[in-house]
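Asks: Provided herewith is a single structure, encoded as structure tokens, for subsequent inquiry.
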Amino acid sequence: MSLMPDDIVPTASGKAMKSGYGVKQDVTATLSTDAPTSHITHPQTAFSVFPEFQYQTYLRLLQRVSSGRSAKFTFQPNDFSTYNRTVHFTPIWFPDSTNYTVFTQVWDTWTPDGMLSINLNDYVSINGSLYDDWYTNRE
């Protein structure tokens, strides 16, 4: 799993960004088994939970962008994104000098022994807010 600032965040640097901007997520789930292909299903479902909801009251179902033994997932396009980006917006009020950690679970990988799942997490560092990038020059 990789959580990074969106490509169009103007002041992002590596894994550091200001709150209020979007984060993108890439998840790759690779299944390795000796079972015959007819006896398994590849990773099918992934969802993420977020700190502003205490990791409980809201989740985002991820879209599968490729399937097979090495399935890939990303956020679905955000209806609130001006540029129709596949992002999740961090809350503007998120505290400075903290990590914005997202937890993701990949599941619905069925084998003869039952369903496999995996819990993943990654973070971006938050320092400042997008308001720091906006200003007016009144004289």
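Asks: Can you name the condition, by its number, that M4 falls short on among (1) open to solvent by 40 Å² or more (accessible area, probe 1.4 Å); (2) aliphatic (A, V, I, L, M); (3) closer than 17 Å to S129 by Cβ?
Replies: Condition (3) is where M4 drops out.
Asks: Next question, about the same structure. Out of all the residues in region 53-89, which are open to solvent by less than 30 Å² (accessible area, probe 1.4 Å) and within 19 Å of D6 (Cβ to Cβ)? Lay out the reasoning, then the answer.
Replies: To start, the set of residues in region 53-89 that are open to solvent by less than 30 Å² (accessible area, probe 1.4 Å) comprises 60, 62, 68, 71, 73-75, 78, 81, 87-88.
R60, L62, F73, T74, F75, N78, S81, V87, H88, listed by residue number.
Asks: Can you give me the number of residues within region 7-26 that are among the polar types (S, T, N, Q), open to solvent by 40 Å² or more (accessible area, probe 1.4 Å) and part of a strand (DSSP E or B)? So that I can check it myself, show each step before the final result.
Replies: If we filter region 7-26 for residues that are among the polar types (S, T, N, Q), which is where we start, we get 11, 13, 19, 25.
Applying the additional criterion that residues be open to solvent by 40 Å² or more (accessible area, probe 1.4 Å) yields 11, 13.
Then drop every residue that is not part of a strand (DSSP E or B), which leaves 13.
Selection size over region 7-26: 1.
Asks: Right, something else. Of everything in region 93-113, what is out of contact with any Phe, Trp or Tyr (no Cβ under 7 Å at 6 or more places or on another chain) and open to solvent by 20 Å² or more (accessible area, probe 1.4 Å)? Give them in sequence order.
Replies: If the condition is that a residue be out of contact with any Phe, Trp or Tyr (no Cβ under 7 Å at 6 or more places or on another chain) and open to solvent by 20 Å² or more (accessible area, probe 1.4 Å), then W93, P95, D96, S97, T98, W107, D108, W110, T111, P112, D113 are the ones that fit.
Asks: Which of the residues that make up region 114-136 are open to solvent by less than 20 Å² (accessible area, probe 1.4 Å) and among the hydrophobic types (A, V, I, L, M, F, W, C)?
Replies: Passing the criteria: V124, I126, L130.
Asks: Here's something else I'd like to know. Take A29 and tell me if it is in a loop (DSSP other than H, G, I, E, B) and either in contact (Cβ under 8 Å) with a residue 12 or more places away in the chain or buried (at least 17 other Cβ atoms within 10 Å of the Cβ) (or both).
Replies: Values: in a loop (DSSP other than H, G, I, E, B): no; either in contact (Cβ under 8 Å) with a residue 12 or more places away in the chain or buried (at least 17 other Cβ atoms within 10 Å of the Cβ) (or both): yes.
No, not satisfied.
Asks: State yes or no: is S67 among the hydroxyl-bearing types (S, T, Y) and free of Cβ contacts under 8 Å to residues at least 24 places away in the same chain?
Replies: Details: among the hydroxyl-bearing types (S, T, Y): yes; free of Cβ contacts under 8 Å to residues at least 24 places away in the same chain: no.
Spelling it out, it is not the case that S67 is among the hydroxyl-bearing types (S, T, Y) and free of Cβ contacts under 8 Å to residues at least 24 places away in the same chain.
Asks: Now, a different point. Sort out which residues of region 32-55 are without any contact (Cβ under 8 Å) to a residue 40 or more places away in the chain and within 26 Å of G114 (Cα to Cα), and write them in order of number. Explain how you work it out, then say what you get.
Replies: Step one: filter region 32-55 for residues without any contact (Cβ under 8 Å) to a residue 40 or more places away in the chain, giving 32, 34, 36-38, 53-54.
S32, D34, P36, T37, S38, listed by residue number.
Asks: Which one is surrounded by the most Cβ atoms within 10 Å (Cβ to Cβ), of the residues in region 32-52 that are of a type in the set (G, A, S) and within 15 Å of L120 (Cβ to Cβ)?
Replies: Taking region 32-52 and keeping what is of a type in the set (G, A, S), we get 32, 35, 38, 46, 48.
Right, trim to within 15 Å of L120 (Cβ to Cβ) and you get 46, 48.
Working: A46: 26, S48: 23.
It comes out as A46.
Asks: Going through region 24-60 one residue at a time, which ones are at pLDDT 90 or above, more than 14 Å from T104 (Cβ to Cβ) and of a type in the set (A, V, I, L, M)?
Replies: Selection gives I40 alone.
The values are calculated or read from the model by the stated rules, or taken from the named source; none is laboratory data. All figures in this text were calculated on a predicted structure; none of them were measured in a lab. Neighbour counts are summed over all protein chains in view; Cβ atoms, including those assigned to glycine, are modelled from backbone coordinates with ideal geometry. For accessibility, only protein heavy atoms count, side chains too; no ligands or nucleic acids. Shrake-Rupley method; radii C 1.70, N 1.55, O 1.52, S 1.80 Å.
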